[in-house]
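Here's the structure we're looking at; comments come further down.
The values are calculated or read from the model by the stated rules, or taken from the named source; none is laboratory data. On a predicted model such as this, the values are computed, not experimentally measured, just so you know. All Cβ positions, glycine included, derive from the backbone under ideal geometry; neighbour counts span all protein chains shown. What goes into the accessible areas is simple: the full protein's heavy atoms, side chains included, and nothing from ligands, DNA or RNA. Shrake-Rupley method; radii C 1.70, N 1.55, O 1.52, S 1.80 Å.
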Amino acid sequence: EFNLSFRYATNAIKTSKYNVFTFLPLNLFEQFQRIANAYFLVLLVLQVIPQISSLSWFTTVVPLILVLSFTAAKDALDDINRHRSDNRVNNRKVQVLIDRKLCSETWMNVQVGDIIKLENNQFVTVTTLCCCFDTSRSSHICCVPPRLLLRETNLKVRQALPVTGELGEDIGKLADFNGEVRCEPPNNRLDRFTGTLTFAGQKYSLDNEKILLRGCTLRNTEWCFGLVLFAGPETKLMQNCGRSTFKRTSIDRLMNILVLCIFGFLAFMCFVLAIGNYIWETNEGSGFTVFLPREDGVSAGFSTFLTFWSYIIILNTVVPISLYVSVEIIRLGNSFYIDWDRKMYHANSDTPAEARTTTLNEELGQIKYVFSDKTGTLTQNIMVFNKCSINGKSYGYVGDDQRPEIFKSKNAVDFSFNPLADPRFVFHDHSLVEAVKLESPEVHTFFRLLALCHTVMAEEKTEGELSYQAQSPDEGALVTAARNFGFVFRSRTPDSISIVEMGNQLSYELLAILDFNNVRKRMSVIVRSPEGKLSLYCKGADTLIYEKLHPSCSKLMDLTTEHLNEFAGEGLRTLALAYKDLDEEYFDQWKRRHHEASTSLDDREGQLDLLYEEIEKDLLLLGATAIEDKLQDGVPQTIEQLAKADIKVWVLTGDKQETAENIGYSCNLLREEMTEVFVISGHSVDEVHQELRLLSKTLFPYRSRALHLFDPSSLTELLLTGDYGLVINGHSLAYALEHSMELDFLRTACLCKAVICCRVTPLQKAQVVELVKKYKRAVTLAIGDGANDVSMIKAAHIGVGISGQEGMQAVLSSDYSFAQFRFLQRLLLVHGRWSYLRMCKFLRYFFYKNFTFTFVHFWFAFFCGFSAQLGLEMSYWTAVNTFFVLGSLAMYFAVTFTLYSNGMFLILPTAFPFLGTGRNSLSQPSVWLTVLLTSILCVLPVVTYRFLLTQLCPSINDKARQAKATPPPPSQRARIRRTSSRRSGYAFSHAQGYGDLVTSGRYLRRPAVPRPSGFANMGRATTGFSPMGRSAGYSPTGRPQNAKAENVEVTSLQMYRTIQDPAL
């Protein structure tokens, strides 16, 4: 009842968007936000107005309904799947402590403050505080693989507070437990939790290790009781389920611009035709009112207004109503091609390629920059303990590393003296085993540190068969190495670690864990040995460990540094190890301050970091480890092919500089034939700025060109005479990414063929990607395999996740996923090129078809008096459109499968760069020339037919129209010589002759009638008629001919011209 008063969120999950009643209105509202759909809705309204409609309303309703129905069906299917997922999760069963007994309830009815019981392998659907576990197996410790939350394969350790762990499975004690939890508000931070538990007047710190998050699965314990802290939408999983940033392609942006331009062009055409209608109605329309009478009150201006909207309806085919649906169908098909590609299937892990989005396929064909992680992306992320340095002496295989593996295995160390050794572990230096057997103090301390300083969980199903579950492959490799050299980690509890040292079972009291994070880059543990000695063991990045060393270690540090450089030069991953003995009195004081900081709700992490820095100083150096992480298959060939395609690869890694450089040479990113490989390693703003300036002078020895390079208004890539590489450290990158130097750094990096950023944090990875996106008009791609690559993957235009050893969090955040880096070559050079060319060809054909068909109606308007009449019958219209659509699809697939093959793009990768949407889709002159020629060919037969018909078989109207259009100039008649009037009058007559007048004799007896000085009024009321032209009485003598005689029947041309003849 107390918790109900706060009105916490219920545990019912709803990820769906619609229900039965809201689907239709909401979905239609969303669809009509598209400009094309809204336009056709307005067009449908116009078509029901009889004064302006020349088309039946179903010509718009049918395609509009098809488009809306297709989209609605897709949205409905997606939402039905969401409903099913919600119901499946909400109706799962769980045991809840109600009225001092366990009752079965559905997850949707669980509330904040309830105590629930979870069992082994059970799915967790609330954020739960661990109260107690089955102590017969785990001693208040459990493992949870956050598969749904992070898709991680490695187990995460969770433990209960000792005060709650003592409650056990006693239902009565659990029901009587009266404590208060105060914690942070709901948020999406998966890596941290801050809270306190107050019980019996004592405060206990709550952190992420005490919490079971929604999406986890319980392991390594039979049961667990927990207190519900967050439910439903307030859990961290649901807080992270917000809408991802919608990534739009350049094709999408181009289509939106084109649709707006098409609207403007349509309005312009309709305006031109409306003006033509006004001119025609004003000058010629009055002659057609006899058989096309105007309605009352309809003037030429109003007719123009109606004509404008009529042509909006007739020319609607220029607006692509089906464009968006057609594009989505093509993209869906391209996604299936990626999913079905057997050459991108990894048989060893049974992992096919997956297109997790259907909207970015054509963008794969325009990639200019690839940002890649190293560990697990370029390498296999299967760690093997290879070499080490202890007290200034290097151990490990020191012969020719190019020797066959068979020879190496024959010289492997025999670990038969250790019954708990891992038989899969191989080492090649016998001197290290001898040092262990001789009980060298430094060597024993070295391996004791590896056996104690970690968060690995051990599981021993049978005696002597140990199985380790580590949060990272590095930790697993180090603990396994210590195990084989006689320091075996056996088990752990919240306050102890059990190991076997050279056959002796020992238990160390675990007093504190100073955990690893991306900022500290190190981990420490404080333990008390069975003899009561307090010690701090630390391992981490060598640069940070060196800062914490005691001055007496300077000589040993120099020797170890030489070994670290040697290890890194061989491409090995290195860690430095150090320790110190603690004073009991000082530690008690530090422990009290640590407890106060760990129970604080304000800036807990900052206070703890200060305490960690305080105690992690004056360390004594032990040595360093070197772990081998081999390259994946096909990585050098892939990077070489991408370079040929003018795609630049940048590697962003957390490894040290030497390791990254060696991997760069191994994978052909850096090459020996490069002109120079620049290194930026400044430790201040001025140093980094000076190094960038020196690089600019090296690249461009002339001052003017160097100044142009750093001109903020220019980011064009200049041509260099050689190939250059760039390597920059994380501390230097932090300065280079500042606003004052980011342009300098970007220009320098973009001029290099390869860029490697070392010792970078996940945030810096994302910042580098954002920098290129901000200033370079290029499409970027980020590829990684771990949680530290998520920010980089989300920042790039396209994110690719590799399902490797570090789980699936990168895959969940990506747009495309596969198992090996080498598949990137096929994704870009084959599928990206295919998708881009298909889309460009489709767009060109689509607009060509629409414009060509529309121009036919536009041209016909000049032959029908701009009267908004259809130039093509509806049956012809539909048949031709259907034929061209289906025929074009058939021809497209036939030509594609006949002429194209995937091997062509792998053989000729230099033909890959097809960058720039507009340049390749609609700005090619051949496209517009084709549209123009096609339009001309469509109207040329009509023009030719009308011209020949007028010249060869003219009608009476054609003759009258010609005569009126070209009357003979009066001034020319005086200059014409007089010849036979009969010959002239007969030869130039194009109408019916007047032989009947000649034979009647009236023509010869009557005198010629003089030509009148004016024209009479037009109309049906006139009784006299005089035809135009030379047949109307003109002769070279200047005397009129063919005058109107009495009792002669009036011809049909009388409506055009009459002459009042008093003599007749």
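Applying a threshold of 6 Å to beta carbon distances and a minimum spacing of six or more residues, or different chains, the list of pairs starting in the stretch 201-214 at a residue that is aromatic (Phe, Trp, Tyr) and ending at one that is assigned to a strand (DSSP E or B) and buried (at least 22 other Cβ atoms within 10 Å of the Cβ) reads Tyr204/Leu197. A single member of Phe567, Phe587 is open to solvent by less than 40 Å² (accessible area, probe 1.4 Å), under 40 Å from the mean Cα position of the chain (by Cα) and aromatic (Phe, Trp, Tyr), and it is Phe567. Across the stretch 258-275, the number of residues qualifying as open to solvent by 10 Å² or more (accessible area, probe 1.4 Å) and either more than 15 Å from Tyr39 (Cα to Cα) or at pLDDT below 80 (or both) comes to 4.
For (1) under 20 Å from Val635 (Cα atoms); (2) in a loop (DSSP other than H, G, I, E, B); (3) among the charged types (D, E, K, R); (4) free of Cβ contacts under 8 Å to residues at least 24 places away in the same chain, each residue gets a yes or a no:
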| residue | (1), (2), (3), (4) |
| --- | --- |
| Gln820 | yes, yes, no, no |
| Gln825 | yes, no, no, no |
| Lys849 | no, no, yes, no |
| Phe853 | no, no, no, no |
| Phe858 | no, no, no, no |
| Phe866 | no, yes, no, no |
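Looking across the stretch 416-444, the residues that are touching a strand residue (DSSP E or B) at 6+ places or on another chain (Cβ under 6 Å) and open to solvent by 10 Å² or more (accessible area, probe 1.4 Å) come down to Leu420, Asp429, Glu442. Residue count for the stretch 168-196, restricted to those that are open to solvent by 30 Å² or more (accessible area, probe 1.4 Å) and either outside any helix (DSSP H, G or I) or at pLDDT below 80 (or both): 17.
Residue-by-condition table, conditions (1) modelled with pLDDT of 70 or more; (2) more than 24 Å from Val327 (Cβ to Cβ); (3) in contact with a strand residue (DSSP E or B) (Cβ under 9 Å, 6 or more places away or on another chain); (4) assigned by the TED database to the domain that holds Lys776:
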{"residue": "Leu872", "(1), (2), (3), (4)": "no, yes, no, no"}
{"residue": "Trp877", "(1), (2), (3), (4)": "no, no, no, no"}
{"residue": "Leu906", "(1), (2), (3), (4)": "no, yes, no, no"}
{"residue": "Pro909", "(1), (2), (3), (4)": "no, yes, no, no"}
{"residue": "Phe914", "(1), (2), (3), (4)": "no, no, no, no"}
{"residue": "Thr917", "(1), (2), (3), (4)": "no, no, no, no"}
{"residue": "Ser923", "(1), (2), (3), (4)": "no, no, no, no"}
{"residue": "Leu929", "(1), (2), (3), (4)": "yes, yes, no, no"}
{"residue": "Val939", "(1), (2), (3), (4)": "yes, yes, no, no"}
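The set of residues from the stretch 26-75 being farther than 28 Å from Arg253 by Cβ and of a type in the set (Gly, Ala, Ser) comprises Ser53, Ser54, Ser56. Can you find a residue in the stretch 494-508 that is farther than 16 Å from Arg448 by Cβ and either free of Cβ contacts under 8 Å to residues at least 60 places away in the same chain or surrounded by fewer than 19 Cβ atoms within 10 Å (Cβ to Cβ) (or both)? Checked the stretch 494-508: at least one residue is farther than 16 Å from Arg448 by Cβ and either free of Cβ contacts under 8 Å to residues at least 60 places away in the same chain or surrounded by fewer than 19 Cβ atoms within 10 Å (Cβ to Cβ) (or both). Pairs linking a residue in the stretch 880-898 that is over 14 Å from Arg838 (Cα atoms) and among the acidic types (Asp, Glu) to a residue that is open to solvent by less than 70 Å² (accessible area, probe 1.4 Å) and at pLDDT 75 or above, with Cβ atoms under 8 Å and 6 or more positions apart or on different chains, do not occur. For Thr221, the stated conditions do not hold, so it cannot be described as modelled with pLDDT of 85 or more, under 28 Å from Met457 (Cα atoms) and among the polar types (S, T, N, Q). Reported count of residues in the stretch 459-503, each being among the small types (Gly, Ala, Ser), over 20 Å from Thr574 (Cβ atoms) and modelled with pLDDT of 85 or more, is 5.
Residues in the stretch 820-847 that are more than 20 Å from Val927 (Cα to Cα) and more than 19 Å from the chain's Cα centre (by Cα): Gln820, Arg822.
Being out of contact with any Ser or Thr (no Cβ under 7 Å at 6 or more places or on another chain) and β-branched (Val, Ile, Thr) is the requirement here; does Val370 meet it? In short, yes.
Given the structure, is Ala481 in a helix (DSSP H, G or I) and small (Gly, Ala, Ser)?
Taking the combined requirement at face value, the residue satisfies it.
Looking across the stretch 636-676, the residues that are in contact with a Phe, Trp or Tyr (Cβ under 9 Å, 6 or more places away or on another chain) and either of a type in the set (Phe, Trp, Tyr) or open to solvent by 40 Å² or more (accessible area, probe 1.4 Å) (or both) come down to Lys644, Asp646, Trp650, Glu658, Arg671, Glu672, Thr675, Glu676.
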